[in-house]
Amino acid sequence: MSPSLCHIPFLLLLLLHVVIARPLFPLPSKTSNEDKKPIQTFRPYNIAHRGSNGEIPEETTAAYLRAIEEGADFIETDILASKDGALICFHDVTLDELTDVSSRKEFANRRRTYEVEWLNVTGWFVVDFTLEELKTLKLKQRYPFRDQQYNGKYSIITFEEFISIALDASRTVGIYPEIKDPVHINKHVKWADGKTFEDKFVDTLLKYGYKGQYMSENWLKQPLFIQSFAPSSLVHVSKLTDSPKIFLIDDFTIRTQDTNQSYWEITSDDYLAYISNYVVGLGPWKDTIVPVANNYLMAPSDLVARAHAHNLQVHPYTYRNENQFLHFNFHQDPYAEYNFWINTVGVDGLFTDFTGSVHQYQELTSPHPKDATANNLLAKIAQMIAAYEGL
């Protein structure tokens, strides 16, 4: 698909994706990005969590296109593997909640129970479906209080299709893929060449030119963060690529899926010193950085300060605009939440379901240095007009 599609209005792209049968981006672009606007690196990263999924069903082409249009620095995805070894973009190991699989009679006998992250889980598992079968399923919005009009209009996309969305953007857009549930995937999916899920994941990135340490020339051309909750996977892929990696950290009660370590073990100073040999940052759930009681924030922990002391960035998840997710301290104002986390806590990036809101906030509070002079001039003119009108 031609990169010029990125200049077509967003609503027309949505219409095209609904009407045409083939994927919107069948192959990643091979065009040069030398003339593209570079990614910003002077303020915390705006990370589109599964795309702009506050508006459109998560991990769909449309959600990623919308996030890019809204100003995302990075588009984020979760990578799983199909029964036949294809890498796809999907968050849950089961298909139950986000697809129409339960209504498909031909798949009625595929329901299984597997152990996933120390728990028995029952459902229709991604690993029991071929890519061709997965492509027939239709996706829907996760939360009932979000816009339901796009339910049933989009299909699961592959890792390569996801990459193409970023490469075909009219400006430099980074990707932030997760090695999702590698213990589960490696147990149920086998590749003929004997490679692991992590190997296939890195092979795909290298195939399309993603390489280079953080802030290197190669990285700035094709920005990438590799993320995972599994520390052993991050250590393994460090042997395969020098691209920057982020160690994700779950709730206080959740142990690591591969090494069976507690939250307190993996956030100790000794462990941060160890993992800093392999990663450039942490991705913690934000309520573990600033604990919550009765929906009010408590005193912040020292995790961000200690991570920074180990030269680790901190990219917490997930920032959502709805009142169901905003703590009472923010008075139903997502801008107040962004201000607290960026200026008080001092994080280096934010995973958000509402890319446009984060972008608008940052443009108001920390515009690009090249735009600062114009913004300051406009502000001064506004002040002069207000002063004149007050005479």
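State, as an integer percentage, the relative contact order of the chain based on alpha-carbon contacts under 8 Å between residues 6 or more apart.
It comes to 17 percent, rounded to a whole number.
Multiply the residue separation of HIS331 and GLN261 by 0.36 nm, subtract the distance between their alpha-carbon atoms, and state the gained length in nm to one decimal.
Once the chain is fully extended between HIS331 and GLN261, it gains 21.6 nm.
Just check the range 135-186 against the gyration tensor rule for me: Cα atoms, a ≥ b ≥ c as the square roots of the eigenvalues, rounded for a/c under 1.5, and otherwise prolate or oblate depending on whether a/b exceeds b/c.
In terms of gyration-tensor shape, oblate.
How far, in degrees from 0 to 90, does helix 369-389 lean away from the longest principal axis of the Cα atoms of the chain, to the nearest 10?
Once rounded, the angle reads 50 degrees.
Which aspartates and glutamates have a Cα lying under 19 Å from the Cα of LYS370, excluding residues fewer than 8 positions away in the same chain?
Within the straight-line cut-off, LYS370 pairs with ASP35, ASP73.
How much accessible area per residue does the chain have, in Å², with a 1.4 Å probe?
45
Looking at the square roots a ≥ b ≥ c of the eigenvalues of the Cα gyration tensor of the range 44-165, which shape do they give, rounded for a/c under 1.5, prolate if a/b is larger than b/c, or oblate?
Because a/c hits 1.5 or more and a/b exceeds b/c, the range 44-165 counts as prolate.
Using a ≥ b ≥ c from the Cα gyration tensor of the range 112-246 (square roots of the eigenvalues), is it rounded, prolate or oblate, where a/c under 1.5 gives rounded and otherwise the larger of a/b and b/c decides, a/b for prolate?
oblate
Using a 1.4 angstrom probe on the protein heavy atoms only, could you order TRP285, TRP118 from most to least accessible area?
Solvent-accessible surface, decreasing: TRP118, TRP285.
Give a residue-ordered list of calculated ³J(HN,Hα) values for the range 336-343 (Karplus: 6.51 cos²θ - 1.76 cosθ + 1.60, θ = phi - 60°; whole Hz; x for Gly, Pro).
Calculated HN-Hα couplings, in order: 5, 5, 4, 4, 4, 6, 7, 9 Hz.
Quick one: Karplus J couplings for the range 75-83, per residue in order, coefficients 6.51, -1.76, 1.60, θ = phi - 60°, nearest Hz, x for Gly and Pro?
For the range 75-83, the Karplus-derived couplings read 9, 10, 8, 10, 9, 10, 10, 7, 4 Hz, x marking Gly and Pro.
Under 5 Å between amide hydrogens, which residues at least 5 positions from ASN151 or on another chain qualify, with H placed 1.01 Å from N in the peptide plane?
Distant-sequence amide H within range of ASN151: GLN141.
Is it possible to state the helix-based mean residue ellipticity at 222 nm for the chain, with each DSSP H run of 4+ residues giving -39500 (n - 2.57), the sum divided by total residues, to the nearest 500 deg cm²/dmol? What is it?
Helix contribution divided over all residues of the chain: -8500 deg cm²/dmol.
In degrees, nearest 10, range 0 to 90: what is the angle between the Cα axis of helix 197-207 and the longest Cα principal axis of the chain?
60
Find the lysine pairs in the range 24-148 meeting two conditions, Cα atoms under 20 Å apart and a separation of 8 or more places or different chains, and report how many there are.
Here the count comes out as 6.
Leaving out ligands, DNA and RNA but keeping every protein chain, what accessible area does ASP251 have, in Å² rounded to the nearest 10, with a 1.4 Å probe?
40
With Rg/Rh (Cα atoms, Kirkwood Rh) defined as stated, name the option among (1) 1.04; (2) 0.97; (3) 1.00 computed from the structure displayed.
It is the value labelled (2).
Please arrange HIS188, HIS49 by accessible surface area, largest first, computed with a 1.4 Å probe and ligands excluded.
HIS188, HIS49
What does DSSP give for the chain in terms of the percent of beta bridges that are antiparallel, rounded to the nearest 5?
Expressed as a percentage, antiparallel bridges in the chain total about 35.
For LYS190, LYS370, LYS211, LYS135, give the ranking by accessible area with the largest first, probe 1.4 Å.
Descending accessible area places them as LYS370, LYS190, LYS211, LYS135.
Straight-line reach from LYS187: which aspartates and glutamates have Cα under 17 Å away, leaving out those fewer than 8 places along the same chain?
List returned: ASP84, ASP92, GLU115, GLU117, ASP128, GLU198, ASP199, ASP258.
Given a 1.4 angstrom probe, I'd like the percentage of the accessible area of the chain that is carbon and sulfur, rounded to a whole number.
54
Can you find, among PHE340, ASN295, PHE129, the residue sitting farthest towards the positive end of the charge dipole of the chain, where Lys and Arg contribute +1 and Asp and Glu -1 at Cβ?
Going by the Cα projections, it comes out as PHE129.
Place a +1 charge on the Cβ of each Lys and Arg in the chain and a -1 charge on the Cβ of each Asp and Glu, then give the dipole magnitude about the Cα centre in debye, rounded to the nearest 20.
740
The values are calculated or read from the model by the stated rules, or taken from the named source; none is laboratory data. Because the structure is a prediction, the values reported are computed rather than measured. Positions of Cβ are backbone-derived with ideal geometry, glycine not excepted, and every protein chain shown enters the neighbour counts. When the accessible area is computed, the model is the full protein with side chains, heavy atoms only, and any ligands, DNA or RNA have been set aside. Shrake-Rupley method; radii C 1.70, N 1.55, O 1.52, S 1.80 Å.
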